[in-house]
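The values are calculated or read from the model by the stated rules, or taken from the named source; none is laboratory data. Not measured: the values here are computed from a predicted model. Positions of Cβ are backbone-derived with ideal geometry, glycine not excepted, and every protein chain shown enters the neighbour counts.
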Amino acid sequence: MEWIILVLLGIAAATFGSIVGLGGGIIIVPMLMLLGGALTGAPIEHATAVGVSLCVLIVTAMASTMTFMRRGIVDFRSAWLLFITSGPAAAAGSALTGLIQSNYFQLSFGLLMLFMAILLIVRDRLKPFSKQWPIARSITDASGQVHAYSYSIGAILCIGLAVGFISGLFGIGGGSLFVPLMVLLFRFPPHVAAATSMFVIFLSAILGSATHAALGEVDWLLVAVLAPGAWIGGKLGARIAARMSGKGLLWLLRITLLILALQLIVEGLNFL
């Protein structure tokens, strides 16, 4: 029964993550930390939860990226620019995860989730930055529609560095920060931002998970159980994203993030 719950967890996390470009780690990490004892018979350390999440993110992001590629909405040039800094930063963040005490990790992660929930709530009400950046980009999707936006090298490298570090440290993939920043600062169309974010997550998760594996912070049995659900959810989420706005699921995700954030914050404060 426990393994069935883990498979379903992988499907749910990956589906939600793919729809909005999150990656699913924002759900997997806290669920493993909060329910690890009940599901596996022993508590799951936060570093192991992050390591498992990043390994599963590789599967989720690969499945989503393959589906988004068929729609022609992955901006590979912009993605590689983001990865130049986000990849090494994700590895650095992964190396530091195990050095943080569990209670401080729970508190910090809870506050981060609370911030991302608020960001997801207000992002639809924020207007994109009107500045015309020096590098103009356009992409033509499979339907022939052209999408135009712009950015600067310095700004996109800085965003990659900051988001990559947070991604590796907490095992969340970084899409929850990449997508709103790309939409608000550079006027990326939301679905192009989500698709491009998933490819960056795929690349960064490889480096981050390799770091955790080298430190012995990956439970490969958990990865094997979660991975099939993540593959299914990654493809399912990308297909749902192509057919709907995702507003209902976005609100469900926002509420889920708020609940998990408050739970982690309370537990972290109890141990201070």
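Listed values, structure above:
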{"read-out": "Matching residues in region 139-164 - criterion: being part of a helix (DSSP H, G or I) and without any contact (Cβ under 8 Å) to a residue 40 or more places away in the chain", "value": "154, 155"}
{"read-out": "Which listed residue, of 172, 135, 139, is among the β-branched types (Val, Ile, Thr) and at pLDDT below 80", "value": "172"}
{"read-out": "Residues of region 80-114 satisfying the condition of being in a helix (DSSP H, G or I) and closer than 13 Å to residue 215 by Cβ", "value": "91, 92, 93, 94, 95, 96, 97"}
{"read-out": "Every pair of residues 6+ apart whose Cβ atoms lie under 6 Å, when the first sits in region 44-70 and is in a loop (DSSP other than H, G, I, E, B) while the second is surrounded by fewer than 22 Cβ atoms within 10 Å (Cβ to Cβ)", "value": "44/36"}
{"read-out": "Test for residue 15: is it closer than 30 Å to residue 144 by Cβ, crowded, with 24+ Cβ neighbours inside 10 Å and modelled with pLDDT of 85 or more", "value": "no"}
